[in-house]
Amino acid sequence: MQIRQQLRSFANKVSVTRKGKERLIVNKMTSEFNREQLESVLKRRFFFAPAFDIYGGISGLYDYGPPGCAVQANVVDTWRKHFVLEEDMLEVDTTMLTPYEVLKTSGHVDKFADWMCRDLKSGEIFRADHLVEEVLEARLKGDKQARGITENPEEEAEKKKKKKNRKKKVKEIKAIKLDDQTVSEYEMIVAKIDGYSGEELGEFMEKYNICNPATGDPLDKPQQFNLMFETHIGPSGQIKGFLRPETAQGQFLNFEKLLDFNNEKMPFASAAIGKSFRNEISPRSGLLRVREFLMAEIEHYVDPDDKSHPKFHTVKDMTLDFLPRDLQEKGQTEPVKMTIGEAVSKKIVDNQTLGYFLGRIYLFLMKIGISPKKFRFRQHMANEMAHYAQDCWDGELLTSYGWIECVGCADRSAYDLTVHSRKTGEKLCVRETLAEPKIVEEFDCEIEKKKFGPKFRRDAPKVEKWLLSRSQVELEELAQELSSNGKIVARIPDTTVEEVEIPADFVKIKKMKKTVHVREYIPNVIEPSFGIGRIIYCLYEHSFWTRPEDSARAVLSFPPLVAPTKVLLVPLSNNATLQSTVKDVKEQLKAAKIPFKVDDSSASIGKRYARNDELGTPFGITIDFDSVKDNSVTLRERDSTKQVRGSLKEIIKAINEITYDSKSWDEGVKNLTPFESQTE
Ligand SMILES: Nc1ncnc2c1ncn2[C@@H]1O[C@H](COP(=O)(O)OP(=O)(O)OP(=O)(O)O)[C@@H](O)[C@H]1O
């Protein structure tokens, strides 16, 4: 929820116990998990690599290689089917280049920023909150050491092992005892680190003497740094713009066209998948904090008076891990298990539509292979959210860097449509014909049209349009302004003057009884927002393990649905007799649209399988001399290394059912013959 976090100057402080940001210090994974080994596999097998590598790279920019691309394509495909198709969403593809005006109106130009501070000597730049956090955590750790308090020995050993390879700002931890008061102050700051203003961070830096941790040189006061990449559109350099920091604004701006496309029916949702750009001050933790990343966002438009969801019953009995704000306020970090139905009925989750999407987000993540044990929904604290947001939950995944926000799900109220409507004068609202006409008391705006031309000249149509498109709340304010000042003074978009003065005799704004046939409202927006790259990195961690009998043999246990290649085809040997069968099997796999790779190298079958376990290939088909005789092949399952034998037709059927119909291995191969093999 970047925009909500960045717009928190509206809601200054966060009293959150500890948001799961990347933690360079605490590795909460099981002791078997070895991040260096995973990273080495991902690098060696070219899942991804630093962009512009041979030029030295630029931090926060990465290229995906063939397996990384295939995983991404499969995750995006699953997302599209799970949300866009199953939920009848309207997908749009909007431009990444966004004019200044749009992002000024949305609040990004003023508020989409983090705090940075500069080393006065070397010019090195630090992200202020990360720096304060890391320095204080290091001092707290030094204090524990000085007091002889040891942490979990397993974790300690793991950390020592990794310490050497880690590039950290805080290089050394000195065992220095702090007084109790300082310890509790440090702990409180670290716990609430997400919510401090630049001024407060500056005060901590001064009070606790926080300098460049590597050199001890002094740092400048924190300055706000806008995270958007600025550019100019067109050769004149006159049109200022930005690379978009989220896809959401492009969707809001198309609201009217989408509503029309949907035959004016509500509720409905738009969706977009596309790159977003954020000039992060200190990109780190691999794919988790980068400067260019793929987002998949949904904007679900709903009646503010009725946030029920027709399919809520399909998720209401799902039990999930929730970390609500009241628990966080009490310092609790353990989530509670609850059904979505209970969370909504107790108003822990604000409404059914939000609850419905929490359920759908969870199901999507499980489908692509995220571990249910490393997932939780954490609610934003009341003052962590933007002032307009009604409720907001982050889908967080546990990684070796700690709990990481991978999906945000917020009720953004009517904020975005309202600000864009105000700015452009376009009504971004829903008009619903009422079953029965209603008598209502409403503000009405009558204008003396003939007076507008002579006074406002070219601006006249814009002033008229602006007045006639005001909402009820705005009309009430304008009526008060007219009665107290005798005129309206307003900034009206695209007029030739900065402020327009409308005299009292040009316009009458009065409350009157009216019979209305139409109800007009600005919809609220429920927004699930996915960072695809972050999710994929978590999937890599959650899928990674090594064979107990040989820790050098790494496996990526992707579900077949998202695995880059589904089948490894291995001829038993290079004997020419097998060639025509191999060709035949290839053709049949192609016809069945099953992505496969052939490994006909001279390496042993076991080695060939092991190489592909690292790529997460879920199935192996072995072609041997019996295959030539009777067209039977063996099928090997990556995780269990179990094998079965059957005709190629039966094997293809089993692969398809396991991959695309979510059948388990046992179910998929129940009619095939178990096969004992010495190949592993
Ligand atoms: N720098 C980034 N690199 C990779 N993914 C990101 C980055 N920033 C945001 N995302 C992804 O986009 C999703 C939606 O963006 P949102 O604005 O909610 O994030 P955010 O709250 O700014 O994240 P953070 O607090 O970690 O910076 C996040 O849940 C995350 O998955």
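Looking at region 212-234 only, could you name the residues that are within 18 Å of residue 129 (Cβ to Cβ) and assigned to a loop (DSSP other than H, G, I, E, B)? Steps first, answer last, please.
Taking region 212-234 as the starting set, the residues that turn out to be within 18 Å of residue 129 (Cβ to Cβ) are 212-213, 219-227.
Within region 212-234, 212, 213, 220, 221, 222, 227 meet the criteria.
Which one is nearest to residue 287 (Cα to Cα) among residues in region 370-414 that are of a type in the set (A, V, I, L, M) and more than 13 Å from the ligand (Cβ to nearest atom)? Can you show your working first?
So the first thing to find is which residues in region 370-414 are of a type in the set (A, V, I, L, M), and the list is 370, 381-382, 385-386, 389, 397-398, 404, 407, 410, 414.
Filter once more, keeping what is more than 13 Å from the ligand (Cβ to nearest atom): 381-382, 398, 414.
Numbers: 381: 26, 382: 29, 398: 15, 414: 33 Å.
My answer is 398.
Within region 412-428, is even one residue in a strand (DSSP E or B) and either in contact with a Leu (Cβ under 9 Å, 6 or more places away or on another chain) or aromatic (Phe, Trp, Tyr) (or both)? Write out each step before concluding.
The initial filter retains those residues of region 412-428 that are in a strand (DSSP E or B), namely none.
No, every residue in region 412-428 fails to be in a strand (DSSP E or B) and either in contact with a Leu (Cβ under 9 Å, 6 or more places away or on another chain) or aromatic (Phe, Trp, Tyr) (or both).
Across region 225-256, what is the total count of residues that are within 16 Å of the ligand (Cβ to nearest atom), open to solvent by 50 Å² or more (accessible area, probe 1.4 Å) and out of contact with any Phe, Trp or Tyr (no Cβ under 6 Å at 6 or more places or on another chain)?
Within region 225-256, residues that are within 16 Å of the ligand (Cβ to nearest atom), open to solvent by 50 Å² or more (accessible area, probe 1.4 Å) and out of contact with any Phe, Trp or Tyr (no Cβ under 6 Å at 6 or more places or on another chain) number 1.
Condition first: away from the ligand (no atom under 16 Å from the Cβ), at positive phi and open to solvent by less than 30 Å² (accessible area, probe 1.4 Å). Now tell me which residues in region 58-88 satisfy that.
Listed by number, the list is empty, since nothing qualifies.
When the residues of region 512-534 are filtered to those that are part of a strand (DSSP E or B) and of a type in the set (A, V, I, L, M), which remaining residue is farthest from residue 296 (Cα to Cα)? It would help to see each step written out before you state the result.
At the first step, the residues of region 512-534 found to be part of a strand (DSSP E or B) are 512-521, 524-531.
Now narrow it down to the ones that are of a type in the set (A, V, I, L, M): 512, 516, 518, 525-526.
Numbers: 512: 46, 516: 40, 518: 35, 525: 16, 526: 14 Å.
Among residues in region 512-534 that are part of a strand (DSSP E or B) and of a type in the set (A, V, I, L, M), the one farthest from residue 296 (Cα to Cα) is 512.
Of all residues being free of Cβ contacts under 8 Å to residues at least 40 places away in the same chain and surrounded by 14 or more Cβ atoms within 10 Å (Cβ to Cβ) in region 200-215, which is farthest from residue 190 (Cα to Cα)? Just the residue, please. Give the derivation first.
So in region 200-215, the residues free of Cβ contacts under 8 Å to residues at least 40 places away in the same chain come out as 200, 203, 206-207, 209, 211.
Subset that is surrounded by 14 or more Cβ atoms within 10 Å (Cβ to Cβ): 200, 203, 211.
Details: 200: 13, 203: 14, 211: 17 Å.
The residue in question is 211.
Looking only at region 555-585, how many residues end up being more than 23 Å from the chain's Cα centre (by Cα) and assigned to a strand (DSSP E or B)?
Residues meeting the conditions: 6.
For the subset of region 550-575 comprising residues that are open to solvent by 50 Å² or more (accessible area, probe 1.4 Å) and hydrophobic (A, V, I, L, M, F, W, C), which member is nearest to residue 368 (Cα to Cα)?
552
State all residues of region 258-283 that are assigned to a strand (DSSP E or B) and either more than 10 Å from the ligand (Cβ to nearest atom) or open to solvent by less than 20 Å² (accessible area, probe 1.4 Å) (or both); if no residue qualifies, say none.
Our first condition is that a residue be assigned to a strand (DSSP E or B); within region 258-283, this holds for 268-277.
The answer is 268, 269, 270, 271, 272, 273, 274, 275, 276.
Give the residue that is nearest to the chain's Cα centre (by Cα), with candidates limited to residues of region 286-300 that are near the ligand (Cβ under 9 Å from one of its atoms) and not in a strand (DSSP E or B).
That would be 288.
State yes or no: is residue 332 in contact with a Lys or Arg (Cβ under 8 Å, 6 or more places away or on another chain), touching a residue at least 60 places away in the same chain (Cβ under 8 Å) and closer than 24 Å to residue 381 by Cα? Give the derivation first.
On the way: in contact with a Lys or Arg (Cβ under 8 Å, 6 or more places away or on another chain): no; touching a residue at least 60 places away in the same chain (Cβ under 8 Å): yes; closer than 24 Å to residue 381 by Cα: yes.
No.
If residue 602 satisfies all but one of (1) within 21 Å of residue 650 (Cβ to Cβ); (2) loosely packed, with under 15 Cβ neighbours inside 10 Å, what's the number of the condition it fails?
Among (1) within 21 Å of residue 650 (Cβ to Cβ); (2) loosely packed, with under 15 Cβ neighbours inside 10 Å, residue 602 violates only (1).
Taking the criterion of being open to solvent by 10 Å² or more (accessible area, probe 1.4 Å), outside any strand (DSSP E or B) and of a type in the set (Gly, Ala, Ser), would at least one residue in region 89-106 satisfy it?
Kept after step one, since they are open to solvent by 10 Å² or more (accessible area, probe 1.4 Å), are these residues of region 89-106: 89-102, 104-105.
The next check asks that each one be outside any strand (DSSP E or B); those that pass are 89, 92-96, 100-102, 104-105.
Cutting the leftovers down to of a type in the set (Gly, Ala, Ser) gives us none.
No; the residues of region 89-106 include none that is open to solvent by 10 Å² or more (accessible area, probe 1.4 Å), outside any strand (DSSP E or B) and of a type in the set (Gly, Ala, Ser).
Taking region 650-678, which residues are under 18 Å from residue 592 (Cα atoms) and either of a type in the set (Gly, Ala, Ser) or touching a residue at least 24 places away in the same chain (Cβ under 8 Å) (or both)? Step through it out loud before you land on a result.
Going residue by residue through region 650-678, those that are under 18 Å from residue 592 (Cα atoms) are 650-663, 668-669.
Within region 650-678, 651, 652, 654, 655, 656, 658, 659, 660, 662, 668, 669 meet the criteria.
Do the conditions hold for residue 328, that is, is it within 16 Å of the ligand (Cβ to nearest atom) and of a type in the set (S, T, N, Q)? Talk me through it step by step, then tell me what you get.
Working: within 16 Å of the ligand (Cβ to nearest atom): yes; of a type in the set (S, T, N, Q): yes.
Considered against the rule, which asks whether it is within 16 Å of the ligand (Cβ to nearest atom) and of a type in the set (S, T, N, Q), residue 328 comes out as yes.
Which condition number does residue 538 fail, the rest of (1) under 35 Å from the mean Cα position of the chain (by Cα); (2) open to solvent by 30 Å² or more (accessible area, probe 1.4 Å) being met?
Unmet for residue 538, out of (1) under 35 Å from the mean Cα position of the chain (by Cα); (2) open to solvent by 30 Å² or more (accessible area, probe 1.4 Å): (2).
Which of the residues spanning region 368-396 are modelled with pLDDT of 95 or more, assigned to a loop (DSSP other than H, G, I, E, B) and open to solvent by less than 10 Å² (accessible area, probe 1.4 Å)?
368, 370, listed by residue number.
The values are calculated or read from the model by the stated rules, or taken from the named source; none is laboratory data. What you see is a predicted model; the values in this text were computed from it and never measured. Note: ideal-geometry Cβ built from the backbone for every residue, glycine included; neighbour counts use all protein chains shown. Heavy atoms of the whole protein, side chains included, go into the accessibility calculation; ligands, DNA and RNA do not. Shrake-Rupley method; radii C 1.70, N 1.55, O 1.52, S 1.80 Å.
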